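The next block holds one structure in the form of structure tokens; read it before the comments.
The values are calculated or read from the model by the stated rules, or taken from the named source; none is laboratory data. A quick note: this is a predicted structure, and the numbers were derived from the prediction, not measured. In this analysis, Cβ positions are derived from the backbone assuming ideal geometry, glycine residues included, and neighbour counts consider all displayed protein chains. The area values use the complete protein model at the heavy-atom level, side chains included, leaving out ligands, DNA and RNA. Shrake-Rupley method; radii C 1.70, N 1.55, O 1.52, S 1.80 Å.
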Amino acid sequence: MTTATLTKTETAGAALPRRRRGDGRVALAFLAPVLIGFAAFYVYPAVRGAWYSLTDWNLLSEPGFVGLDNYAELVGDPLFWNSLKVTAYYVVLTVGMQIVAGLGLAALMHRLTRSLVLRSLLVVPWLVPNVTSALLWMWLLDANLGFFNHLLVSLGLDNQGFLTSPGLAMPSVAAINAWGATGYTTLLLYAGMLLVPRQIYEAAALDGTGEVRQFFRITLPLLRPILAFVLVVSLIDSFQLFDAVAVTTKGGPVDATRVVYFYIYEEAFTHFKMGYASALALSLVLILGLLTFVQMRLLRASRSDLA
Amino acid sequence: MAVTALLLTAACGGGGGPADAGGVTLTYALWDDVQQGAYQQCADAFHKANPDITIKISQSAWDQYWQNLTTQMVSGGAPDVITMQASYYPQFVANGQLLDIQPMVTADKIDLGQYWPGLADLWVKDGKRYGLPKDWDTIAIVYNVDMAKKAGVDMSGLTWNPADGGTFEKAIAHLTVDANGKRGDEPGFDKTKVAVHGIVPELNDGSQGQNGWGDLAVSNGFTFIDKNPFGTRYFYDSPKLAETADWFRRLADKGYATPYDKTSSLGPDTMLNAGKGALGITGSWMIRTYLDSKSQKFAFAPLPTGPQGRKSAFNGLADVIYAGTEHKDAAWKWVRFLGSTGCQDIVADNAVVFPAITSSVERALKAHKAAGRDVRLFVDEAEAPGGTFLLPVSDHGDEINQIVSTAMEEVWLGQKDARTALTAANQKVNALFSGG
């Protein structure tokens, strides 16, 4: 609103109408590469996807219009609902692990050390490509030949099917990805902590507040905008879980890790039900949009208590 | 985002084989890197005889092969000639992507009798022929020679039944050794601390159980489908199959095999190579993988004889022509050469798979023998009257695969008993056909 009023007042002055128009054109030129890319690789495929979601298309046949049949099928598809359920389970697990571990590490760095080497080391797992880290962990966690089970057995414990038993598979996948993402989350949170003015801590220390209390009373509340940002980003990011599942469990055992992205992929490229897969994908877009909106609202992310 | 990713992937499958200057270049797709050398020799021989045609082999692993193929067909740039598997070809035929070669077969008077009986007809649907056979495979027991010798187990002529497992289960029990050195059939055997499992079964094996449960179920009197190829009714609810599945699950309960949820995801060959198991059930395409192993000494033994005899799955591949190819005549010439002794003898001499032409099979056996590999029993199984069954070929193959393998997983995990899980799966499978 404010900007709109401002612009109006300035145009009313009519001092520099020519230059203004020139600015617009230059701006457009600078924006063009992004806009063209956005249109070609996002808008156009999304619109096509929306159309395909109304068709029966197996990639090789001509897409035939079926109206809302795909969506009707989706509502009654137990595998779709199951995929949403296991995805939600995964998101809660992995985001929870990332944020708890990230907060802990960031707080330690913030209050104890500012070593650049340590900070760089933290992001190393994040730099490992997802597929590589999934493969690595698949071997480490293998039920019979893996290093972790070797350790368990040598300690006199039973070996565990980390990625092959229905109860453990999803937590294992969540842990693998949390391992990869924690370093990045930590850096974001650490950057957020650096924004908190030191004098607040000094004042708190003068009043005799302990480190733990300082963390809960000062760091956490003042970190809220960053936390909200991290939460939203990592939530959307983890909804898109695909590679770790494709590499380690392929959706099994018995649908325990058949997350929605993997399900869409299977419907599209294993069963060649492109129309149905598009309908699934669009539903996911809707769900994600809604989730983000609710989250931003709940966390009042745009407002900081420091302001 | 999700939609974008899908469509981008769909659009990225390009890259066929445009003609180069002066002649035709055909692209030939296959998935087995072990066989690529042999087929390169065929391609060279073919190029020598037809200097104007060059063959470019494009190899991609099994897991990506079918997706690559479909996306390439969507973009119109699929390989001209494609190595095809029987359970995958119906979906390509249904979408009009494969060329009917019957007119060329008739015109060139191709002798279909030269192929191993039953192989050529797998590729006929509604009077149209889509491929010429290239090879076949049968199934056998693979076992660790040293372990069998130490246990004093004779692997030839084993029997099996779903009730007590016959001498096959006795052998498996005796080959199982716990951490204290007690064998699976001795008193005091601790099934919670097993050092070597008697069997490493391949349970996660699609809808056909080619490497184990399928073969034993058929030897127990199970039939997959009412008509093969292209039946429309499956019998996964048969008690014969349920009994077999229950027997396999009991092996884990007794400690002779690893529990399904604690089974390595690296595959039976890795487990056997690591010395964690004594025997497995595998196909003839794995001959080189096992017999050339550096870490263990393996040998093959025939499958056990079930209540209905010894039954091995019998499966074959063929070379097919992409309907959208720009070089139909050249592609046919290449397929004709692949399906002739000219190429199949080369494949035989490389001793990687058993060629489809009967006379070339003897050559393959000779080549194996010269290399010190005893694999005659795979051919014996194929030759035995009534000793083999063809894997079911029908529409909806990939959907059936998912339905049945999920049901089987529920059985292996003990979530449902075999009868319940398989009956439910069979209803879903047959509904695919009634739905049209």
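So the values come out like this:
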| quantity | calculated |
| --- | --- |
| Point-to-point label distance, B:SER156-A:LEU108, nm (Cα→Cβ direction, 7 Å offset) | 6.4 |
| Cβ-derived FRET efficiency at R0 35 Å, A:VAL117 paired with A:TYR44, nearest 0.05 | 0.15 |
| C-alpha center-to-center spacing [region B:321-383, region A:97-169] in angstrom | 48 |
| Averaged over B:257-270, number of beta-carbon atoms from partner chains that fall within 10 Å | 6 |
| 5 angstrom amide H check on B:SER312, placed H, neighbours 5+ away | B:THR388, B:PHE389 |
| Region A:78-299 - percent relative contact order, Cα under 8 Å, separation 6 or more | 29 |
| Viscosity 1.306 mPa s, temperature 10 °C, Stokes-Einstein D of region B:252-300 from Kirkwood C-alpha radius, µm²/s | 135 |
| Solvent exposure of region B:228-285 as accessible area per residue, Å², 1.4 Å probe | 33 |
| Accessible surface of chain B, 1.4 Å probe, proportion on carbon and sulfur as whole % | 50 |
| In the A-B interface, the accessible area buried, summed over both sides, Å² (probe 1.4 Å) | 3600 |
| Chain A: calculated mean residue ellipticity at 222 nm from DSSP helix runs of at least 4, using -39500 (n - 2.57) | -22000 deg cm²/dmol |
| Potential lengthening between B:VAL145 and B:GLN64 on full extension [0.36 nm per residue; Cα-Cα distance subtracted] | 25.7 nm |
| Mean separation of Cα contacts under 8 Å, 6 or more apart, over the residue count of chain B: relative contact order % | 23 |
| Straight-distance crosslink candidates among lysines, where the alpha carbon sits under 24 Å from B:LYS276 and sequence neighbours closer than 8 are dropped | B:LYS149, B:LYS150, B:LYS170, B:LYS182, B:LYS191, B:LYS193, B:LYS254, B:LYS262, B:LYS294, B:LYS297 |
| Fraction of antiparallel bridges per DSSP, the protein assembly as shown only, in percent to nearest 5 | 70 |
| Using distinct alpha-carbon pairs, which all enter the 1/r mean, Kirkwood radius of region A:180-233 in Å | 11.9 |
| Pair A:VAL233, B:THR420: separation of 7 Å Cα→Cβ label points (nm) | 4.8 |
| For peptides B:258-269, B:309-320, sequence by mean Cβ density within 10 Å, most packed first | B:309-320, B:258-269 |
| Rounded FRET efficiency, nearest 0.05, which uses the C-beta distance separating A:LEU157 from A:LEU136 and R0 of 25 Å | 0.65 |
| Dmax and Rg, reported as Rg then Dmax, of the protein assembly as shown (C-alpha, Å) | 30.6, 104 |
| Over region A:78-299: Kirkwood hydrodynamic radius from C-alpha pairwise inverse distances, Å | 19.3 |
| Full-extension gain in nm, A:GLN199 to A:LEU290, via 0.36 nm per residue minus C-alpha separation | 28.8 nm |
| Quarter of Cα convex hull surface for region B:200-295, i.e. mean projection, nm² | 7.2 |
| Heavy-atom accessible surface of region A:197-307: percent carbon and sulfur, 1.4 Å | 65 |
